[in-house]
Amino acid sequence: MKRIVTIQDISCIGKCSCTVALPVISTMGIECAILPTAVLSTHTEFQNFTFRDLTGDIPGIVEHWKKEKFKFDSIYTGYLGSFRQLEQVAEFIRDFRTGSTSVIIDPVLGDYGRLYPGFTVEFAAAMGKLCAEADVIVPNLTEAAYLLGEPYPGEGYDEKTIRELLKRLSGLGAKNTVLTGVSFSPDQVGVMGYEAEKDEYFSYFHPKLNASFNGTGDLFASTLTGAYVRGCSLLEALTIAADFTAQCVELTLQNPEHVFYGVEFERALPSLARRLGL
């Protein structure tokens, strides 16, 4: 069985980060190991959440894994909360990457044109350096702008603008770039990608849903990672991930009693397994 290690936080309640990655990747027939960066009582959309930083615990975990000679088919990173954690992840990649290990980085920095609380432009620049280690990076438009130190494109951009943005993102060093939250019309939203080695662009769009939920980026990145590790092409992987994310949002909206803090992805896991022939 293939094994992915995901490096990100655990939000005990809140359908994001590890609590999304673990069930989604496991459903896709892949073992999901975790290297937690922090433990939060809930995700950050709640008030008065507790937070425990695990930066000091990471070296001991990694040292144990080295002694046990664990190997990973993919290293998948999500929320990283400090410069030190960026350094730790870079060290981890150097220590555990083999010729067959893919590295997928979701450069979590912000959304809607703003950085998340606690992040700075300097941190975004450091995240950009980490992206050089990646086979695939999965930023949204906000993160793309901050990674490049450019203004947020907002709305009203065209395909040429996004193609140029993808090309500049590839200059960070990642082999492939997948940009989420792309929209060229009021009724559609989707993803665009760029494979640097082939100099090829691709895209996939859905009808836009009038809803926004925390954790959908984690859901997309986790599904893409699982599909990619299973051997799907990047276009196939992002298509599966986009379809699954849209399905989860639609199912959530159908439930009048849905909670505000996340999508009901659990209900869609059987269909994800069927799509993969599991």
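Values quoted throughout were computed directly from the atomic coordinates according to the rules given, and no laboratory measurement underlies them. What you see is a predicted model; the values in this text were computed from it and never measured. Every residue, glycine as well, gets a Cβ built from its backbone with ideal geometry; the counts of neighbours run over all protein chains shown.
Values for this structure:
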{"read-out": "Loop sites in the range 1-90: GluC sites (Glu not before Pro), DSSP, at most 15 other Cβ within 10 Å", "value": "Glu45"}
{"read-out": "Antiparallel DSSP beta bridges within the chain, as percent of all bridges there, nearest 5", "value": "45 percent"}
{"read-out": "For the chain, average projected area of the Cα convex hull in nm²", "value": "14.0 nm²"}
{"read-out": "Sparsely packed chymotrypsin sites (Phe, Trp or Tyr not before Pro) within the range 74-107, loop by DSSP, other Cβ within 10 Å at most 14", "value": "none"}
{"read-out": "Highest-fluctuation residue, Tyr112, Tyr228, Tyr194 considered, GNM on the chain with Cα pairs under 10 Å", "value": "Tyr112"}
{"read-out": "Long pairs among Lys71/Lys129; Lys71/Lys175; Lys71/Lys198, criterion Cα-Cα beyond 26 Å", "value": "Lys71/Lys198"}
